[in-house]
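Following: one structure in structure tokens, then a few remarks.
We did not get these values from a lab; they are worked out from the coordinates using the rules stated. Remember, it's a predicted structure, so these values are computed and weren't measured experimentally. Quick reminder, even Gly has a Cβ in these numbers, built from the backbone with ideal geometry, and neighbours come from all protein chains shown.
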Amino acid sequence: MDSNLTLELRHLQLEDYESLKSIMEVVYKDFDEPYWKRRDIKRLLEKFPEGQLCVIIEGEMVAAALAIIVDYKKYGDNHTYNQITGDETFNTHDPNGDVLYGIDILVHPEHRGLRLGRRLYDARKELCESLNLRAIMAGGRIPNYEEHSENLSPRQYINKVKRKELDDPTLNFQLSNDFHVKKILKNYLPDDKASKEYATLLEWNNIYYQEKEDLLNTKRSYVRIGLVQWQMRLFPSFDAMVEQVEYFVDAVSDYQSDFILFPEFFDAPMMAEYNHLGEAEAIRKLADHTEPMLEKFKEFAVSYNVNIITGSMPFIRNNRLYNISYLCRRDGSHDSYEKIHITPSEETSWGMVGGNRVKTFETDSGKIGILICYDVEFPELARIYAEQGLDILFVPFLTDTQNGYHRVRHCAQARAIENECYVAIAGCVGNLPKVNNMDIQYAQSAIFTPSDFAFPTNAIKAEATPNTEMTLIADVDLEHLKELHEFGSVRNLKDRRGDLYEVILRK
């Protein structure tokens, strides 16, 4: 390549028509009608001048890309080229549509070593993002399929191209530009004999797309998380404990936090008055305080305008003891999650049983999941959450030794990386010498991130001082997760071998 070569990417103009025609005559020489008429290009430029692009080298056009905007739901995934272009009138162009549809892309064969197609595709992506369109779609030719059509179905052919077992320069190029094959189209271009009239329906999703919403309900990219590293201490009454809870809610909400996370069994100090009872009886007495505490949390979520994950508390239903956590939203609604995996000591000392519901929760600051302590050590649960679109995983925990704490911590960090989400953990510190089975606690609360360029190099957004009562507040950016899903150095969610294994949630 000549180092002094001058290259310009610009919008196509009607005066460029003869140059465009000459490229089409070469590229589409095997078609019955190898080029667009001047009137067609004139009509296209009148309807959508921003979508028509070309590359000029040394004053000569060498590549071009043509596109329209369509309201995609009107056509669906089974359209033909004539349908999507309005029989090549472009009357299907809709400035209020949601998809940038690629009509054509051409590169003169003499200039195909300059990556001009990639340059045009990148320009289309920028246009899609700037116009806030949901996706780019196009019907893609598979011109080498003719050589293999007797032995391979179109799907088999495409899969072999994906695996580099066969070469199809057109499809290879589209896949390398982050497009995926949504489905196979039949009779898409009747004149495309080389593709045997098949085409790939290609899609590139705009991860920055924002649906139009009421301004008051618009979700922000940045989410502020507050963690409460709770000091175990004796309280003279239930009201005194509520006062301490409200103190932390007040303090964290003053920083305009979107979420507050309390630890597992933060209310254990209330068992002191039942210490004369057996351990199983004492925790069942503690469960009497759970519903009154929930009402207080719901009140605080609304009055302090913050979403609260209530840590966890014991709960009795049908005479069975559960470990339950609540999500109290700032709009007054609430949901609950029951710990799935019960530790050996919870089962033998308290007779606790596990819940059976695994689902994410919608909030005004992203989709969240809750796993209580031991649950985070089972990767299947977080994987199910990830498949449901998880943004942030909250893990209230209670650990008495550093061994137990590091099990929770390292598993939480793994869940953040493998599921491309944020994970926040909060635990209790201190000791309760007058409460059986709750003697000593060890914790270092933290917020973990995936591990890639957009995140801290150690994949830790923030962490508290170990074994000290405090709050931890940090911002996380949900847009970074979207970018990671599509463009990460590695893509743990997209690269899973679904053909080989899967995680199934039994209903």
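Our note on the geometry: Cα centres of region 288-367 and region 391-407, 17 Å apart.
When you filter the trypsin sites (Lys or Arg not before Pro) in region 19-88 for DSSP loop state and at most 10 other Cβ atoms inside 10 Å of their Cβ, you are left with LYS29. Bridging of LYS193 to aspartates and glutamates at a Cα separation below 12 Å is possible for ASP30, ASP32, GLU146, GLU147, once same-chain residues fewer than 8 apart are set aside. One decimal place: the segment PHE235-SER333 gains 32.4 nm when fully extended, by the rule 0.36 nm per residue minus the C-alpha distance.
Estimated purely from DSSP H runs of n ≥ 4, each contributing -39500 (n - 2.57), the mean residue ellipticity at 222 nm for the chain is -8000 deg cm²/dmol once divided by its residues. This ranking places ARG506, ARG124 by how few other beta-carbon atoms lie within 10 Å of each, fewest first, which gives ARG506, ARG124. Determine the distance separating the Cα centre of region 473-488 from the Cα centre of region 441-462; give it in Å without decimals. Result: 13 Å between the Cα centres. Restricting the calculation to Cα atoms, every distinct pair contributes to the Kirkwood radius of region 117-161, found to be 12.9 Å. Looking at the chain, what % of its DSSP beta bridges pair antiparallel, to the nearest 5? Restricted to the chain, the bridges split so that about 70 percent are antiparallel. FRET efficiency for the pair GLU479 and VAL302, taken as 1/(1 + (r/R0)^6) with r the Cβ-Cβ distance and R0 = 22 Å, rounds to 0.20.
Which of the pairs LYS285/LYS434; LYS125/LYS182; LYS367/LYS482; LYS162/LYS183; LYS21/LYS125 have their Cα atoms more than 20 Å apart in this structure? Distance filter (> 20 Å) returns LYS21/LYS125. Its residue count N fixes a reference of 2.2 N^0.38 Å for region 210-301, and the Cα radius of gyration divided by that reference is 1.40. Restricting region 451-504 to trypsin sites (Lys or Arg not before Pro) that sit in a DSSP loop and have at most 16 other Cβ atoms within 10 Å of their own Cβ leaves ARG491, LYS494, ARG496, ARG497.
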